[in-house]
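J.: Take a look at the following structure, please.
What follows draws every value from the coordinates through simple rules; no lab data is involved. Worth saying up front: this structure is predicted, and the values here are computed from it rather than measured. Counting neighbours? That spans all protein chains shown, and the Cβs are built from the backbone with ideal geometry, glycine included.
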């Protein structure tokens, strides 16, 4: 079993300090094997460390960048066990941190209600690395998610999956958040129908998208320019439904470990004005995750 490497402990300083209330909308935390049992079907072992270690390093990374809020996504290294994220939210405080859960198709309404009570605001489908819940499963529970106040987060390769997924996404009665630029570079987005379809869905307000994970699909750090045009197209399509995240601590990444300061600087370089920067980092996450507006 491969083991993840540690994240870069020294974020580069931001070119533009984030405004108050800035939110990192995608990260993961882990704990030691004696704290949380790893799922037998996992793809990778996390880097060593207790949950307390991870939370401390996560806080330090945010302090270095000027980030005041965050969203933690349960890793499928734990299957559908959200305990590590739950405990991290308890330590960090749900006034400034939220969670995204992994659940099975048979999840009970009472479980979803409890997840919402303790700070979770969505459930995630992962079609890229591993996941037990399908879009059909999510559609079956979408009405319940909407009633409770949970949204749906989807991780997929847009160029491959979007033509089949777009009609189903359009029909869902809950907000849908697309992870990591739909794993599309500028070239992939410009190559045909998937890029156009994603822009149409975003422009119509049917989806949100995370401007994150560029380092997973292009190999030109520190600015990952192979996604710059795609980012600008997404922001132009609907600047009120795009958000940003570090994807810290960058699990299942085999290349050079990205620097989280560079990832924040990419957002500034790709957007380039204070109003858009504030919308993406502060206003949009506050609406989606239910934070008090600063």
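J.: For the residues 180, 253, 151, what sequence is obtained by ranking on other C-beta atoms within 10 Å, fewest first?
T.: With the fewest neighbours first, 180, 253, 151 line up as 253, 151, 180.
J.: Using a Gaussian network model of the chain whose springs link C-alpha atoms within less than 10 Å, name the residue from 158, 192, 32 with the highest mean-square fluctuation.
T.: Highest fluctuation among the options: 192.
J.: Then there's this: When the chain is modelled as a GNM with alpha-carbon springs shorter than 10 Å, which of 214, 77, 191 fluctuates the most?
T.: 191
J.: Further question: Give me the distance in nm between label points sitting 7 Å out from Cα along the Cα-to-Cβ direction at residue 127 and residue 273, one decimal.
T.: If labels sit at residue 127 and residue 273, their model points lie 3.5 nm apart.
J.: Something else about it: Based on alpha-carbon centroids, what's the gap between the stretch 226-294 and the stretch 10-87 in Å, whole number please?
T.: The distance from the Cα centre of the stretch 226-294 to that of the stretch 10-87 comes to 17 Å.
J.: What does the extension gain come out to for residue 225 and residue 191, with contour length at 0.36 nm per residue minus their alpha carbon separation?
T.: 10.5 nm
J.: Separate question: In vacuum, with every alpha carbon of the chain counted as one equal point scatterer, what does the Debye formula give for log10 I(q)/I(0) at q = 0.08, 0.13, 0.15 Å⁻¹? Two decimals, please.
T.: Taking Cα atoms of the chain as identical point scatterers yields -0.30, -0.85, -1.20.
J.: Using Cβ counts within 10 Å as a stand-in for footprinting exposure, how do 34, 233, 75 rank, fewest first?
T.: If I rank by nearby Cβ atoms, fewest first, I get 34, 233, 75.
J.: By counting other Cβ atoms within 10 Å of each Cβ, how are 271, 276 ranked from fewest to most?
T.: Details: 271 22, 276 18.
Lowest count first: 276, 271.
J.: Please work out how much length the chain gains when fully extended from residue 292 to residue 252, using 0.36 nm per residue of separation minus the C-alpha to C-alpha distance, in nm with one decimal. Can you show the working numbers first?
T.: On the way: separation 40, 0.36 × 40 = 14.40 nm, distance 3.31 nm.
Working it through step by step, the gained length comes to 11.1 nm.
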